[in-house]
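What follows is a set of notes on a single structure, which appears directly below.
The values are calculated or read from the model by the stated rules, or taken from the named source; none is laboratory data. Please read these numbers as outputs of a predicted model, since none were measured by experiment. Cβ: placed from backbone, ideal geometry, glycine included. Neighbour counts: every protein chain shown. In case anyone asks, the SASA skips ligands and DNA or RNA and just uses the protein heavy atoms, side chains included. Shrake-Rupley method; radii C 1.70, N 1.55, O 1.52, S 1.80 Å.
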Amino acid sequence: MRFGVVQFPGTCDERDAARACSMVGDAELLWHADADLKGVDAVVVPGGFSYGDHLRAGAIARFSPVMGEVERFAAAGGPVLGICNGFQILCEAGLLPGALLPNTSLRFSMRQTVLEVQRTSCAWTRACETGDLLSVPAKHMSGRYYASQPVLDEMTDREQVVLRYASDPQPNGSLDGIAGVCNAAGNVLGLMPHPEHAVDLLNGSADGLRLFESVARVPAA
Amino acid sequence: VELEVEDPSRLPEMCEQLLANPLIEDYEIQT
């Protein structure tokens, strides 16, 4: 499987994301100004501070030429993973419901979190079991997930909440402890914690690798 | 956000599509 890792001005986690992808397949960087996904099989929108978080995190990046292609790829069922700033970008682009607000602490939060898997039919959690606990680091300023109650009810009905914080206190004050959500089809996942930083036991956890393995090695049911 | 625009009638559209996220932000236009 070939992964494409999108790079915007201000992205800073593309190398770790590419390394995580390369542990289960091949990986190459996709430049934001190129409306070309180069025929990859899966897309990762990594973390960082695209366009310096000007206006709002992800607000400018969603208009990049590459994002038009990502939207078409996702609409055709292609697997897309947004991590941290990538999650914010996918929400701004309307590929995922909701938005990310500043942490309730109004401080940058950086800590190891424990995530509980809620749904395993999502393309990125197929290698997991419901209830699995994943140790993954989080680092962000605006990670407090928010969606209106009607949208949240709809997401619940469609099982779009894929990951919840199981560690207490959670890092940002997210609604219902939501750490990661997918689209209705289950091929697009966004989460605030960083699975690409948890792919080697030397860093304390390799649990994050299971998300990449899900797409690369576990066929859809 | 302070802007110089040629067509102020497009300001609501600009707010809805870029300058604000209506899901989480209110906005007011002053000219």
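At-a-glance table
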read-out	value
Qualifying residue in region A:167-179 (condition: outside any strand (DSSP E or B) and in contact with a His (Cβ under 6 Å, 6 or more places away or on another chain))	no
Residues of region B:5-22 that turn out to be under 24 Å from A:ALA61 (Cβ atoms) and either in contact (Cβ under 8 Å) with a residue 40 or more places away in the chain or open to solvent by 70 Å² or more (accessible area, probe 1.4 Å) (or both), as a count	4
Answer residue from region A:25-68, given it is over 28 Å from A:VAL218 (Cβ atoms), hydrophobic (A, V, I, L, M, F, W, C) and touching an Asp or Glu at 6+ places or on another chain (Cβ under 6 Å) and is least open to solvent (accessible area, probe 1.4 Å) among those	A:ALA59
Considering residues of region A:109-137 that are open to solvent by 30 Å² or more (accessible area, probe 1.4 Å) and within 20 Å of A:LEU175 (Cβ to Cβ) only, the residue farthest from the chain's Cα centre (by Cα)	A:ARG111
Sole exception among (1) buried (at least 20 other Cβ atoms within 10 Å of the Cβ); (2) of a type outside the set (Phe, Trp, Tyr); (3) part of a loop (DSSP other than H, G, I, E, B) for A:LEU189, by number	(3)
